[in-house]
Amino acid sequence: MSVDDQELSLITLVAKQYYYEGKTQDEISQSHNLSRTKIGRMLRQARDLGLVTIRINLSPIEFFNLERELKSRFNIQHALIAVDHEDEDLQRVAVAQLVSDHLVEKLADGMTVSVGMGRNLGAVTAQLGGQNSRDCTFVSSIGGSLRAGEGLNSDHIARRFAAAFNGRSETLYAPAYVSNPKLRELLLKDETVQQTLNRARRADIALIGIGDFSESSYLVKMGWYSAMEISRARMNGTVADISGYDFLDIKGQPSAPELQHRVIGLSHEDFCRIPNVIAVASEHNKALSLLGSLRSGIIKTLATSVSNARAIIEIDDQTKGEAGPANHGR
């Protein structure tokens, strides 16, 4: 939608008069000598342009019921649910704030936190202000990628966490992705790589992102996998990736074995041994991926949006027979 500056100023003024000042459309049309139909159109434009967003908040009871249901169904410790936002960036901030508050509450001196990669984890660090210091170590749980940049790379995110808590960070000195499985095996035998991965495996808390495993995902944009490989794996039932290094079907079982053994980082088995694995996913298209991840049993804390929480429960009801008995929390 294209509007010039003069029209945008008028639309903004009309929106303020209607939503802030409580004037009726008739009153606004008379004050501007415009038809009521024109005023109604301007108010719709204000919403379309993002000048006005309408949000209906859930009551505390509704939040409590969603959290309780998720914890009961999937045997998780915590469910951090943020209100819905149409804007993807605002949604990411809302979820990140909940994770930030959770970490401030749970972190204690001497703890180790393994840190994955992705925008959602990076957003958490931006919500950490002048918190009390924690004598904690933040360890990269996956190698680095040139294409990921500072916003996505585990190393940079771990450093920002360490700075926020006045703690320490440890880098995994290896590439996140290698195309040759033999090269990966050699790198995993390196003493420095082994030392960092072992420290990450002994973490008290793990922060991970959950991918939607789509042909437009960052796994494809970074060149780790082709759109054709992702499409083929999706057709065979893969619905989620855990930070790019493990793949799951809707039952929460390992999937897409042909894509394994390319990423240097913690595995599904490693996360199963970490007491509090925090999965952070703000995007509204990740309900199916989150369901598969929850059914896998590795997640102990889920941080997501209201719409994702509702969709997870609805899809779980529709696919009860597809959940493995060992993974489902009922």
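For a test of the definition: using alpha carbon positions, the gyration tensor, and the 1.5 limit on a/c, classify the stretch 5-48 as rounded, prolate or oblate. Verdict is rounded for the stretch 5-48.
Of all aspartates and glutamates in the structure, those lying under 15 Å Cα to Cα from Lys300, and not within fewer than 8 positions of it along the same chain, are Glu67, Glu69, Asp204, Glu269, Asp270.
In this structure, the residue pairs whose Cα-Cα separation is over 32 Å, taken from Lys16/Lys71; Lys16/Lys286; Lys23/Lys286; Lys221/Lys251, are Lys16/Lys71; Lys16/Lys286; Lys23/Lys286. Among DSSP beta bridges whose residues both lie in the chain, state the antiparallel percentage, nearest 5. About 25 percent, rounded to the nearest 5.
Kindly write out, for the stretch 72-85 in residue order, the coupling ³J(HN,Hα) from the Karplus curve 6.51 cos²θ - 1.76 cosθ + 1.60 (θ = phi - 60°), rounded to whole Hz, with x marking Gly and Pro. Coupling constants for the stretch 72-85: 6, 5, 10, 6, 9, 7, 9, 10, 9, 10, 9, 4, 7, 10 Hz. Backbone amide hydrogens, once placed in the peptide plane, bring Ser169 within less than 5 Å of Phe138, excluding anything fewer than 5 places away on its chain. Values [x] 31, 51, 15, 3, 0; [y] 30, 61, 9; [z] 29, 49, 19, 2 are given for comparison; P(r) over Cα pairs in 20 Å bins from 0, in percent, derived from the coordinates here, is the one labelled [z]. Full extension of the chain between Ser226 and Gln6 gives 74.5 nm of extra length, using 0.36 nm per residue less the Cα-Cα distance. Straight-distance candidates among the aspartates and glutamates for linking to Lys182, with alpha-carbon spacing under 14 Å and chain neighbours fewer than 8 residues away dropped: Asp190. With a simple spin-label model that places each label point 7 Å from the Cα along the Cα-to-Cβ direction, the separation between Asn166 and Leu183 comes to 4.3 nm. Across the stretch 197-210, rounded Karplus estimates of 3J(HN,Hα) from the backbone phi angles (6.51 cos²θ - 1.76 cosθ + 1.60, θ = phi - 60°) give 5, 5, 5, 5, 5, 8, 5, 7, 9, 10, 10, 10, x, 10 Hz, Gly and Pro being marked x. Database remark: amide H of Asn75 closer than 5 angstrom to the amide H of Gly329 (H placed geometrically; neighbours at sequence offset of 5 or more, or on other chains; Pro and chain starts carry no H). Of the residues Thr301, Thr319, Thr137, the one that moves most in a GNM of the chain with alpha-carbon contacts below 10 Å is Thr319. Please give the FRET efficiency for Lys320 paired with Ile61, using the beta carbon to beta carbon distance and R0 = 25 Å, rounded to the nearest 0.05. Calculated value: 0.45. Taking amide H positions as modeled 1.01 Å from N, with prolines and chain starts lacking one, no residue 5 or more places away or on another chain lies under 5 Å from Arg262. The GluC sites (Glu not before Pro) of the stretch 213-288 include none that meets both conditions, a loop assignment by DSSP and at most 13 other Cβ atoms within 10 Å of the site Cβ. Largest mean-square fluctuation among Glu314, Glu21, Glu185, in a Gaussian network model of the chain whose springs join Cα atoms under 10 Å apart, belongs to Glu21. Comparing mean-square fluctuations of Ala46, Ala108, Ala82 from a GNM of the chain with C-alpha springs under 10 Å, the top value falls on Ala46.
Per-residue Cβ neighbour counts within 10 Å put Thr125, Thr171, Thr304 in the sequence Thr171, Thr125, Thr304, beginning with the fewest. In order along the stretch 254-269, phi translates into HN-Hα couplings of x, 9, 6, x, 5, 9, 6, 6, 10, 10, 9, x, 5, 10, 3, 5 Hz, rounded to whole numbers, per the Karplus curve 6.51 cos²θ - 1.76 cosθ + 1.60 with θ = phi - 60° and x for Gly and Pro.
Spatially, the stretch 91-136 and the stretch 172-196 are offset by 27 Å when compared through their Cα centroids.
Values quoted throughout were computed directly from the atomic coordinates according to the rules given, and no laboratory measurement underlies them. Values in this document were obtained by computation on a predicted structure and should not be read as measured data. Cβ: placed from backbone, ideal geometry, glycine included. Neighbour counts: every protein chain shown.
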